[in-house]
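Asks: Okay, here's the structure, questions in a sec.
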Amino acid sequence: MDTIFRGFVEALRLIVELDRSLVEIVGLSLQVSGLALGLSVLLGVPLGVWLGMRRFRGQRLAVATIYTGMGLPPVVVGLVVYLLLSRQGPLGQLGWLFTPRAMVLTQTILSLPLVAGFTMTAINSVPPGLILQLRSLGATPTQVTLTLLYEARAGVLAAVVAGFGAIISEVGSVMIVGGNIAGKTRVLTTAIVLETRKGNFDLAIALGLILLGLTFTANWMLLHLQGRFESTR
Amino acid sequence: MKHRIPPTRSGRLDGAFFFHGAMSLRHIVILSFLLFAVAACLPPVGVEQPPAAGTRDELVLATTTSTYDSGLLDYILPDFERKTGIRVRVIAVGTGQALALGKAGDADVLLVHAREREEQFVAEGYAPSRHDVMYNDFVIVGPAEDPAGIRGMTSAAEAFKRIAQAQALFVSRGDDSGTYIKEQKIWQEAGITPQGDWYESAGQGMGAVLNMANEQQAYTLSDRSTFLARQREGLDLEILVEGDPVLFNQYGVLPVTPDKEHDINYGAAIAFVNWITSPETQELIASYGIEQFGSQLFFPNARGNQAGD
């Protein structure tokens, strides 16, 4: 209990003093996870919409694949990406290993299925009659898609929240492909592992609290956005 | 004669539905709850219960990753368990965390390598005494091309100076481990504060740091045993500097002082100290690695110092 309290005090101190390495670590965490989330939304939302609207041969396989992807163990993704980017690996020439790029890559792989899967579910939950109605009113396919997306916006937002939550708190893959290098690839979660190993439990808890605060703030903002959506209905 | 049993209103399980085909969703839910409840009551099978530090026939040993990763503990601990009937639970962490575990009363005995901090640990009253056990040595490893040109140098500090001058990539443990403390000491001796793009502070274990050095063809400081074990698995790095006395690495064993707050298994800790410093165990330590790696990895040097009876 004592450690948690001291960690709380330490967290406040770090935030108030705008500790330089803390700012760096938080900045990189947000950059890496933010970029990965952006890529996942860019690719995952259209994919989810497509899977939710179309019926095609092999759809079940595609959906099962997405669902499996939603539970991918980060360490396994990290390991596979590590082997791909390794000097002897097929993508070794890129020189991405132990850089933020490799971390964005693994986190995109981790959040993409979540964003696509939840978007698909959200689109599925829109009453099917709506599509027919829109078509009979002469809407173009693009208009139909956009209307569906608008109707399903709360669910799509939940997809984004789920994707963000999964990667900002993830440690397994970024540790493996990033290497936790100070000032280069150290993010909040890997810093927590390091401080725990060093026996600096106060600092580890402090970083943990900051991570929680960050996730909470992000979710709060998204929820706020969702609330605004609801009220404009 | 297959007929559907309607779900009983009370939710009671009437035995019949086990034998007939259709199970309502409600039955399934109830059944899974029951199974879950039963499973929760049963003692776990094959799952190790986290034992309190003080269980009489169990000893918690906090040690550095090097003794564990090198395979030494797997080699010698069965002898201790056979002789005393005490089971050893090994927690392999950095020296910093091992000492913290001792302070928190979460470990009974420590086997670590950071002499000054061990002595401070004793001075602060967390351990009644510290005893030499053995030493191994560190080596400076790097790529075969050796861009900084340190191969064969006899002074570790001079080699570090060259690496810094050449701005050749160096991966540091950066994790408060005994290896990291040693590295800092050598930088200090070289009169250099390492910083810049060429110096990567990884904050990870020896195995991970060796991987990173290998991938980036960088230099690093490693204990010989972990390096040899990993080299056999295909590390593309070589020993470039060795033999400087500053590279020797003394291991000490410390029984944690018992107190009222924590249930320290002091008796077992003393038995462990006596065992690891005994002539037979010292011989066992000396024999480790010769068969597997072709060279002795740890050099025992306990001076028959027994912790007591």
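Asks: Tabulate in residue order the Karplus-calculated ³J(HN,Hα) for segment A:126-136, using 6.51 cos²θ - 1.76 cosθ + 1.60 with θ = phi - 60°, rounded to whole Hz; enter x for Gly and Pro.
Replies: 6, x, x, x, 4, 4, 4, 4, 4, 5, 5
Asks: Here is a follow-up. Amide H of residue B:201 versus every other amide H placed in the peptide plane: which residues, excluding those fewer than 5 positions away on the same chain, fall under 5 Å?
Replies: Here the answer is A:182, B:172, since their amide H atoms fall under 5 Å of that of residue B:201.
Asks: Sort B:158-165, A:20-27, A:184-191 by packing, meaning the average of other beta carbons within 10 Å per residue, with the highest value first.
Replies: My ranking of the peptides, most packed first, is A:184-191, B:158-165, A:20-27.
Asks: Okay, moving on. Which of the pairs A:198/B:103; A:198/B:260; A:184/B:103; B:83/B:260; B:83/B:103; B:161/B:185 have their Cα atoms more than 21 Å apart in this structure?
Replies: Long pairs (Cα-Cα over 21 Å): A:198/B:260; A:184/B:103; B:83/B:260; B:83/B:103.
Asks: Which angle between 0 and 90 degrees, to the nearest 10, do you get for helix A:188-198 versus the longest principal axis of chain A when only C-alpha atoms count?
Replies: The angle comes out at about 30 degrees.
Asks: What would the Debye formula give as log10 I(q)/I(0) at q = 0.08, 0.09 Å⁻¹ for the alpha-carbon point model of segment A:2-231, no solvent?
Replies: Debye intensities relative to I(0), on a log10 scale: -0.37, -0.46.
Asks: Given a 1.4 angstrom probe, I'd like the percentage of the accessible area of the protein assembly as shown that is carbon and sulfur, rounded to a whole number. Please report the intermediate quantities before stating the final value.
Replies: Details: 16400 of 26890 Å².
It is 61 percent, rounded to a whole number.
Asks: Sequence-distant or interchain residues sharing an amide H contact under 5 Å with residue B:104, placed H: which?
Replies: Answer set, sorted by chain and number: none.
Asks: Hey, got the average number of other protein chain Cβ atoms within 10 angstrom for residues in B:194-201?
Replies: 3
Asks: Just counting partner chain Cβ atoms within 10 Å, what average do the residues of peptide A:178-185 show around their Cβ?
Replies: 6
Asks: Hey, another quick one. Can you compute the helix-only [θ] at 222 nm over the protein assembly as shown? Use -39500 (n - 2.57) per DSSP H run of at least 4 residues, normalise by all residues, nearest 500 deg cm²/dmol.
Replies: For the protein assembly as shown, the value works out to -17500 deg cm²/dmol.
Asks: Would you please give the residues with an amide H less than 5 Å from that of residue B:91, counting only those at least 5 places away or on a separate chain, with H modeled from the backbone geometry?
Replies: Counting only residues 5 or more places away or on other chains, the set is B:61, B:62, B:63.
Asks: Per residue and in cubic angstrom, what volume does the convex hull of the Cα atoms of segment A:156-233 have?
Replies: 90
Asks: Starting from 0.36 nm per residue, how many nanometres of slack lie between residue B:167 and residue B:120 once their C-alpha separation is accounted for? Working shown, then result.
Replies: Values: separation 47, 0.36 × 47 = 16.92 nm, distance 3.55 nm.
Full extension from residue B:167 to residue B:120 adds 13.4 nm.
Asks: Going by the alpha-carbon gyration tensor, a ≥ b ≥ c the square roots of its eigenvalues, is segment B:137-247 rounded (a/c under 1.5) or, if a/c is not under 1.5, prolate (a/b greater than b/c) versus oblate?
Replies: Numbers: a/c = 1.24, a/b = 1.19, b/c = 1.04.
The shape class here is rounded.
Asks: Counting protein heavy atoms only and a 1.4 angstrom probe, how many square angstrom of accessible surface do chains A and B bury in total, to the nearest 100?
Replies: Looking at A and B, the buried total is near 1600 Å².
Asks: Another question, if that's okay. Average partner chain C-beta neighbours within 10 Å, per residue of A:90-102?
Replies: 1
Asks: How much accessible area per residue does the protein assembly as shown have, counting only protein heavy atoms and a probe of 1.4 Å, in square angstrom? Display every interim value, and only then the final one.
Replies: Working: 26890 Å² over 542 residues.
Ligands and nucleic acids excluded, the figure is 50 Å² per residue.
Asks: Using θ = phi - 60° and the Karplus relation 6.51 cos²θ - 1.76 cosθ + 1.60, list the HN-Hα couplings for segment B:142-155 in order, rounded to whole Hz, with x at every Gly or Pro.
Replies: x, x, 4, 5, 6, x, 8, x, 9, 4, x, 5, 9, 10
Asks: Defining a contact as two alpha carbons under 8 Å apart and six or more residues distant in sequence, what relative contact order in percent does chain A show?
Replies: 31
Asks: Shape verdict for segment A:33-170, please, from the Cα gyration tensor: rounded (a/c under 1.5), prolate (a/b greater than b/c) or oblate.
Replies: prolate
Asks: I've got another one for you. Hull surface divided by four, with the convex hull built on the Cα atoms of the protein assembly as shown: how many nm²?
Replies: Taking a quarter of the hull surface, the average projection is 36.2 nm².
Asks: On to the next question. Per-residue HN-Hα couplings for segment B:276-286, Karplus 6.51 cos²θ - 1.76 cosθ + 1.60 at θ = phi - 60°, whole Hz, x for Gly and Pro?
Replies: With coefficients 6.51, -1.76 and 1.60, one gets 6, 9, 6, x, 5, 5, 4, 5, 4, 4, 5 Hz.
The values are calculated or read from the model by the stated rules, or taken from the named source; none is laboratory data. These numbers come from a predicted model, not from an experiment. Positions of Cβ are backbone-derived with ideal geometry, glycine not excepted, and every protein chain shown enters the neighbour counts. Just the protein is used for accessible areas: all its heavy atoms, side chains included, with ligands, DNA and RNA removed. Shrake-Rupley method; radii C 1.70, N 1.55, O 1.52, S 1.80 Å.
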